[in-house]
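Derivation of every value follows stated rules applied to the coordinates shown; laboratory data play no part. Please read all numbers here as calculations on a predicted model, not as lab measurements. When we count neighbours, we look across all protein chains shown, and the Cβ atoms used for this are built from the backbone with ideal geometry, even at glycine.
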Amino acid sequence: MSTIKLLRTSSHNALRTSRGWCRHAASRPRYDYDLVVLGGGSAGLACAKEAAGCGARVLCFDYVKPTPVGTKWGIGGTCVNVGCIPKKLMHQASLLGEAVHEAVAYGWNVDDKNLRPDWRKLVRSVQNHIKSVNWVTRVDLRDKKVEYVNSMGSFRDSHTIEYVASTSPGAESRQVTSEYVVVAVGGRPRYPDIPGAVELGITSDDIFSYEREPGRTLVVGAGYVGLECACFLKGLGYEPTVMVRSIVLRGFDRQMSDLLAAMMTERGIPFLGTTIPKAVERQADGRLLVRYRNTTTQADGSDVFDTVLWAIGRKGLIEELNLEAAGVRTQDDKIVVDAAEATSVPHIFAVGDIIFGRPELTPVAILAGRLLARRLFAGATQLMDYDDVATTVFTPLEYSCVGMSEETAIALRGADNIEVFHGYYKPTEFFIPQKSVRHCYLKAVAEVSGDQKILGLHYIGPVAGEVIQGFAAALKSGLTVKTLLNTVGIHPTTAEEFTRLSITKRSGRDPTPASCCS
Ligand code: FAD
Ligand code: NDP
């Protein structure tokens, strides 16, 4: 007798077992697929592959509409093609430029005094890497037995997806049915509703494959994308200016965000504060005249740039899904889901950036997609935990954090119940090239009583993401100040500074260190 535990008999005569999904040899499925996934990005691919691994019959649609200037890309979604990966590569290229100059201080003979990056070569290298990832992704889907269709899918009804199989004019629309549908269509950059925005501006969807050197660039928006793009452009020798509508990095710890902006200013990146764009016009010399208004002083101004990059947030791609036909509830341009990522229609789910009110980050999208597949096809019950997700802003000194900001902790627990440990520090490797240590700072936001459970960790400095990742696991496991201070550091690193955090803000003591080793 089989030892496989029968968990449920599905509506199409397949058996869901504790090992996965298996089908009666003689049964005729009610639907064409067990799972159709709309969107082949981080969330959709993770979900599709995991579901296929559980034995489900899976079809994944992925289609990218070209940007207004014609940029398009392959399978893999935002992260691989126009997000995390090209961004990290450009960030690295920009850090290397700085490292070359530091190398001279360390005794390297770098002959060429006119060191400049070759933008086109960089773009080519980045794009070659992306194409190799696209190819590996397709092979992986084939190996994992996920069917892939390079078309835009939309709902005909709650179990039926409609698509056009070919881009040739007059191509007929086709339909497939599925027991479950997962919507993982992500988002795309917004454009402001002002003259010239769409025709003359570009976004993060274009910059990583941009043929032309960006030159003097106006970056509109001071969120993750705006700050990261401005910083790598500066590091590569261009002249970015950041236009800030209200505050830098809304939603992050205020002190850390202001410190990050001060670090960027020190590195020669100007900010146009409380300013909004009004119009973009092409001048006779081909450059772009941007008209703007300062919303504090109401003064109008203008300046000329070679490139205007909109980084004003992203909108969810729900418009072409025909969600009304399926009865899926939305809010703004996102899909509303419950704790199990179920939409208002129980057999339709959503994961990744398209979900309303959840972090828009790749590892979140991937884990949520995988867990959902396991719940659907392997009898698992684990839900995605969206709390205490660590994140990094990839500026030259990076900012990484996990858990609560100081403001959130105070708002939720009251100032008297919060202790903030903080300190500036001096990375050893900064001494010889005499790099500024003014913005190397970290803090732990903790409960004031008992062993002082840590609620949030914040760090500005080199390789912040690498530093915070491990602490994120510790924080999720209930890290306390007592444990942190009893942890022996690894010397000389910057991560060890967390184990030396002895000064509280309440004490009023100077958080500047006298030396690196005391
Ligand atoms: P996506 O990756 O956007 O995938 C959705 C896919 O579905 C796309 O290919 C889309 O074209 C396709 N699609 C849309 N509609 C349909 C349809 N109807 N039918 C078929 N296909 C459709 N996150 C990090 O964690 N770290 C970072 O460093 C980081 N850097 C970033 C840098 C930039 C510039 C940007 C823009 C984002 C960055 N992110 C980063 C965020 C990260 O890229 C996203 O959170 C992640 O890609 C979301 O994955 P997703 O699967 O939800 O959506
Ligand atoms: P954000 O929402 O983070 O930032 C948008 C910025 O644009 C804000 O400064 C906002 O100002 C401003 N803005 C919005 N509308 C206008 C307007 N009409 N005119 C002028 N300014 C405007 O979006 P991003 O595109 O930067 O990032 C999107 C998401 O992608 C992030 O939330 C993040 O999750 C993900 N991402 C992650 C990265 C990482 O992990 N390193 C890197 C890049 C992206 P205001 O504050 O006033 O609203």
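Observations
- Of all DSSP bridge pairs formed entirely within the chain, close to 65 percent run antiparallel.
- Ordering of 476-482, 259-265 by burial proxy (mean other Cβ atoms within 10 Å per residue, highest first): 259-265, 476-482
- Derived scalar couplings between HN and Hα for segment 431-437 equal 5, 4, x, 6, 6, 5, 10 Hz in order, rounded to whole Hz, by the Karplus curve 6.51 cos²θ - 1.76 cosθ + 1.60 (θ = phi - 60°), x for Gly and Pro.
- Neighbours of residue 420, meaning other residues whose beta-carbon lies under 9 angstrom from its beta-carbon, give a summed charge of +1 when Lys and Arg score +1 and Asp and Glu score -1.
- Model label points for residue 168 and residue 436, set 7 angstrom from Cα along the Cα-to-Cβ axis, are 6.0 nm apart.
- Within the same chain, lysines fewer than 8 places from residue 113 are excluded, and of the rest, those with a Cα less than 19 Å from its Cα are 234.
- Cα gyration tensor category, rounded, prolate or oblate, for segment 397-503 with a/c compared to 1.5: prolate
- Spin-label pair residue 416/residue 385, simplified geometry with 7 Å Cα→Cβ offset, distance in nm: 3.1
- Neighbour net charge for residue 394 - beta-carbon separation under 9 angstrom, K R +1, D E -1: 0
- Rounded if a/c under 1.5, otherwise prolate or oblate - segment 190-313, Cα gyration tensor axes: oblate
- Between the Cα long axis of helix 224-235 and the first principal axis of the chain there is an angle of about 50°, rounded to the nearest 10.
- Between 0 and 90°, nearest 10: helix 362-377 axis offset from the chain longest Cα axis: 20
- Estimated FRET transfer efficiency when R0 is 60 angstrom, pair residue 490-residue 344 (beta carbons, to 0.05): 0.75
- Per residue, the chain reaches -8500 deg cm²/dmol at 222 nm when only DSSP H runs of four or more residues are counted, each adding -39500 (n - 2.57).
- Rounded, prolate or oblate (a/c below 1.5 giving rounded, otherwise prolate when a/b exceeds b/c) for the chain by Cα gyration tensor: oblate
- Two-site FRET efficiency, residue 303 against residue 190, from Cβ-Cβ distance with R₀ of 22 Å, rounded to 0.05: 0.50
- Sequentially through segment 446-458, phi angles give Karplus couplings (6.51, -1.76, 1.60; θ = phi - 60°) of 9, 5, 7, 9, x, 7, 6, 4, 8, 9, x, 10, 9 Hz, Gly and Pro residues having no value and appearing as x.
- Here's how it looks for residue 391: its modeled amide H is under 5 Å from those of 401, which are all 5 or more places away or on a different chain.
- Within a straight-line Cα-Cα reach of under 22 Å, residue 315 can be paired with the following lysines, leaving aside sequence neighbours fewer than 8 residues apart in one chain: 65, 72, 87, 278, 334.
- For residue 506 and residue 121, the difference between the fully extended length at 0.36 nm per residue and the C-alpha to C-alpha distance is 133.5 nm.
- Computed from point charges on the beta carbon alone (+1 for Lys and Arg, -1 for Asp and Glu), the dipole magnitude for the chain about its Cα centre is near 1020 Debye.
- Calculated FRET efficiency for the pair residue 30/residue 112, C-beta based, R₀ 51 Å, to 0.05: 0.15
- Per-residue ³J(HN,Hα) for segment 207-215, Karplus 6.51 cos²θ - 1.76 cosθ + 1.60, θ = phi - 60°, Hz, x for Gly and Pro: 4, 6, 10, 5, 5, 8, 4, x, x
- For the chain, the longest principal axis of the alpha carbon atoms and the long axis of helix 254-266 meet at an angle near 60°.
- Distances between placed amide hydrogens fall under 5 Å for residue 216 paired with 239, 306, 307, all partners being 5 or more residues away or on another chain.
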